[in-house]
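See below for the structure under consideration.
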Amino acid sequence: MAVIDLLIVGGGINGAGIARDAAGRGLSVLVCEQGDLGGATSSASSKMIHGGLRYLEYHEFRLVAEALAEREVMLKIAPHLARPLRFVMPHVPSLRPAWMIRLGLLLYDSLGRLSRRLTLQGSTAIDLSRSPMGQALQAAYKKGFVYSDVTVDDARLVLANARAAHLLGAAICPRTRFLGARRENGLWHATLEDAGGRREVFARALVNAAGPWVAEVIDALPAGTGKKDGVQLVKGSHIVVPRLYQGDHAFILQLGDRRVVFLLPFEEQFTLIGTTDVRAEMPEATGISTEEILYLCRAASRFTREEVKAKDIVWSYSGVRPLHDDGQNNPSAVSRDYTFVLDSTGKVPALSVFGGKLTTYRRLAEAALARLSPWFPKMGPAWTDTQPLPGGDFTTQKELVARLQGNHPSLPPAWLERLARRHGSLGERVIGDAKSVADLGRDFGGGLYEREVEYFIAEEWAQTLDDILWRRSKSGLFMTPLQQREFGDWLARRQG
Ligand SMILES: Cc1cc2nc3c(=O)[nH]c(=O)nc-3n(C[C@H](O)[C@H](O)[C@H](O)COP(=O)(O)OP(=O)(O)OC[C@H]3O[C@@H](n4cnc5c(N)ncnc54)[C@H](O)[C@@H]3O)c2cc1C
């Protein structure tokens, strides 16, 4: 009977992050994910690695300080997926006085410096009536502030962690559902189900990183394992419209309901607008509602010169935040910090993860393993803050793109640039022995070639159209409906 150390339920950012960390410390790991890796909340975020300026208003200093430090870590270990972003905040005197914003930004910068801010620029005031950064805004917004955070490809960050875990020996099992587990003879006996049927796995410890499904997984454990009322489900949606403004900065827009909405540059030709906070009953994300669309269009249009209309929307997505329930009634005010519930009945531990952010997944993984360390005394020390994620071992994106374009002068330069952003130094593996465009195989449109699709399938566990067009890549944004249909037909034939 083969016994593994850790069975991780959930292949979102937290499950994948814990798997990578644990595998690197010498534990044997299996991750089961009922759908696609990162297919739930972890690919539906605002794609920011951020301290969370607004959390300062809720006095979440621990979370903010930890999150600020992670910005620099992420730029270092995933330079292909993460990049610095300047955020412009138009001043709205009726909502918050300028001194309050200045104080908040001072605190943000100071906490950032304390926690090793090395490369990101500090905050400053800005005259929006003169700066190119203010051009997209209505003339009424004259003053503003600029500060730094980081943006990341969330879905690919999950994959990079899963891939790293896999390279370190972890078994990564997407489309494999955890049905339940019982304690027997000092081990977890867990039942998993995939397309091939059911099987049992035996593990010394179980990690419940099921995100919005954390309570369902607790329900599938012996009675009394953990407490399942610790999660509050809050849905958030985003819309994508054709690029609203020039420049590679983002906007943080303060609204009258004490919320903020972000406008973010997205995939070069688009602007991402989000998000909403709507209490949810179910862990599955239902699509964006008409009210959410109206809310986001109105929020943006209050600030932008050009009105944002529902008919401009080219894509939208929704996700459910699995927030740690801290008794708050207002969904925007619920803490974004994480917490664990450890149940060690019979000395067989189950650790359930509540809350957390994409930003803090790496620290969450370290904290999770610290909680499990009594059961694994030989486990190695924390290591993930300095080791690049797969594809992240290069100096600058510019240098990497130049290298790829220099090595492959006959391949489309724009494709190589995208490849560098998606795969980093692993771009060379995607290219393989291709010498010309013809060697890239079928051109599906939107910059997607057969060769990269084969790589997604062979190396990144991709199976479906959504996996490929919306998570491994964002090619769906650049393809016509006909091209998407033709790709779907090709994929169906390819998958037999
Ligand atoms: C709208 C929105 C915007 C956000 N923006 C940001 C942001 O900009 N920055 C940031 O830092 N954070 C952001 N977040 C928060 C962040 O996205 C989440 O904290 C994070 O993705 C949660 O990851 P997770 O791994 O816990 O959950 P998930 O990604 O949901 O992963 C859990 C996985 O468990 C799987 N699973 C569940 N049950 C089972 C089972 N029985 N068997 C097998 N698998 C199972 C699910 O299929 C799922 O894939 C945002 C969240 C939302 C919703």
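The values are calculated or read from the model by the stated rules, or taken from the named source; none is laboratory data. Here the structure is a predicted model, which means the values were calculated and not measured. Neighbour counts are summed over all protein chains in view; Cβ atoms, including those assigned to glycine, are modelled from backbone coordinates with ideal geometry. Heads up: the accessible areas ignore ligands, DNA and RNA and are worked out on the full protein's heavy atoms, side chains in. Shrake-Rupley method; radii C 1.70, N 1.55, O 1.52, S 1.80 Å.
Just to be sure before I move on: is A205 of a type in the set (G, A, S) and outside any strand (DSSP E or B) in the structure I sent?
In short, no.
Looking at this structure, is V234 in contact with an Asp or Glu (Cβ under 6 Å, 6 or more places away or on another chain), open to solvent by less than 10 Å² (accessible area, probe 1.4 Å) and aliphatic (A, V, I, L, M)?
Yes; evaluated as a whole, the condition is true for this residue.
Within region 277-327, take every residue that is closer than 24 Å to G355 by Cβ and open to solvent by 80 Å² or more (accessible area, probe 1.4 Å) and give me the one that is farthest from the ligand (Cβ to nearest atom).
So, considering only residues that are closer than 24 Å to G355 by Cβ and open to solvent by 80 Å² or more (accessible area, probe 1.4 Å), the one farthest from the ligand (Cβ to nearest atom) is E281.
Take G287 and decide whether it is outside any strand (DSSP E or B) and either at positive phi or touching a Cys at 6+ places or on another chain (Cβ under 9 Å) (or both).
no
Among the listed residues E267, E200, E193, which satisfies the condition of being of a type in the set (D, E) and touching a helix residue (DSSP H, G or I) at 6+ places or on another chain (Cβ under 9 Å)?
Of E267, E200, E193, the one residue that is of a type in the set (D, E) and touching a helix residue (DSSP H, G or I) at 6+ places or on another chain (Cβ under 9 Å) is E267.
All but one of (1) touching a helix residue (DSSP H, G or I) at 6+ places or on another chain (Cβ under 7 Å); (2) among the hydroxyl-bearing types (S, T, Y); (3) modelled with pLDDT of 95 or more hold for S301, so report the exception by its number.
S301 satisfies every listed condition except (1).
Does region 442-451 hold any residues that are within 15 Å of Q483 (Cβ to Cβ) and not aromatic (F, W, Y), and which are they?
Of everything in region 442-451, those that are within 15 Å of Q483 (Cβ to Cβ) and not aromatic (F, W, Y) turn out to be R442, D443, G445, G446, G447, L448, E450.
I'd like the residue in region 470-491 that is more than 28 Å from the chain's Cα centre (by Cα) and open to solvent by 50 Å² or more (accessible area, probe 1.4 Å) and, out of all such residues, is nearest to Y449 (Cα to Cα).
Of everything passing the filter in region 470-491, E486 is nearest to Y449 (Cα to Cα).
Can you run down the residue pairs with Cβ atoms below 6 Å, 6 or more apart or on separate chains, where the first is in region 254-272 and at negative phi and the partner is assigned to a loop (DSSP other than H, G, I, E, B)?
Sorted first by the residue in region 254-272, then by its partner, the pairs are Q254/V92; Q254/L95; F262/S46; P265/D248; Q269/R243; F270/R243; T271/R243; T271/L244.
Take the residues in region 338-374 that are of a type in the set (S, T, N, Q) and assigned to a helix (DSSP H, G or I), then tell me which one is farthest from H189 (Cα to Cα).
In this case the residue turns out to be S373.
Which residue out of L221, L244, L192 is in a strand (DSSP E or B), in contact with a strand residue (DSSP E or B) (Cβ under 8 Å, 6 or more places away or on another chain) and in contact (Cβ under 8 Å) with a residue 24 or more places away in the chain?
L192
Checking Y361 against (1) touching a residue at least 60 places away in the same chain (Cβ under 8 Å); (2) of a type in the set (F, W, Y); (3) away from the ligand (no atom under 12 Å from the Cβ): exactly one of these is not met. Which one?
(3)
Looking at region 23-43, which of the residues that are near the ligand (Cβ under 10 Å from one of its atoms) and over 17 Å from the mean Cα position of the chain (by Cα) is surrounded by the most Cβ atoms within 10 Å (Cβ to Cβ)?
V31
Report the residue count in region 1-16 for those that are away from the ligand (no atom under 14 Å from the Cβ) and surrounded by 24 or more Cβ atoms within 10 Å (Cβ to Cβ).
So the count comes out to 1.
Based on this model, can you work out whether R163 counts as modelled with pLDDT of 95 or more and farther than 20 Å from F251 by Cα?
So R163 fits the description; yes.
Of the residues that sit in region 44-72 and are under 15 Å from the mean Cα position of the chain (by Cα) and not small (G, A, S), which one is farthest from the ligand (Cβ to nearest atom)?
R71
With respect to T124, is the statement that it is β-branched (V, I, T) and either touching a Ser or Thr at 6+ places or on another chain (Cβ under 7 Å) or under 30 Å from N161 (Cβ atoms) (or both) true?
No, not satisfied.
Residues are listed down the side, and each one gets a yes or a no for (1) without any contact (Cβ under 8 Å) to a residue 12 or more places away in the chain; (2) open to solvent by 30 Å² or more (accessible area, probe 1.4 Å):
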{"site": "E66", "(1), (2)": "no, no"}
{"site": "R83", "(1), (2)": "no, yes"}
{"site": "F87", "(1), (2)": "no, no"}
{"site": "V92", "(1), (2)": "no, no"}
{"site": "W99", "(1), (2)": "yes, yes"}
{"site": "G104", "(1), (2)": "no, no"}
{"site": "S110", "(1), (2)": "yes, yes"}
{"site": "L114", "(1), (2)": "no, yes"}
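Out of the residues in region 20-56 meeting the condition of being assigned to a helix (DSSP H, G or I) and touching a Gly at 6+ places or on another chain (Cβ under 6 Å), tell me which one is farthest from F178 (Cα to Cα).
L56
Does D439 satisfy being touching an Asp or Glu at 6+ places or on another chain (Cβ under 8 Å), open to solvent by less than 10 Å² (accessible area, probe 1.4 Å), modelled with pLDDT of 95 or more and assigned to a helix (DSSP H, G or I)?
no
Kindly check whether there is at least one residue in region 141-149 that is crowded, with 17+ Cβ neighbours inside 10 Å, within 16 Å of the ligand (Cβ to nearest atom) and either assigned to a loop (DSSP other than H, G, I, E, B) or among the aliphatic types (A, V, I, L, M) (or both).
The answer is no; no qualifying residue exists.
Determine if region 450-460 includes at least one residue that is within 30 Å of A171 (Cα to Cα), touching a residue at least 24 places away in the same chain (Cβ under 8 Å) and open to solvent by 50 Å² or more (accessible area, probe 1.4 Å).
yes
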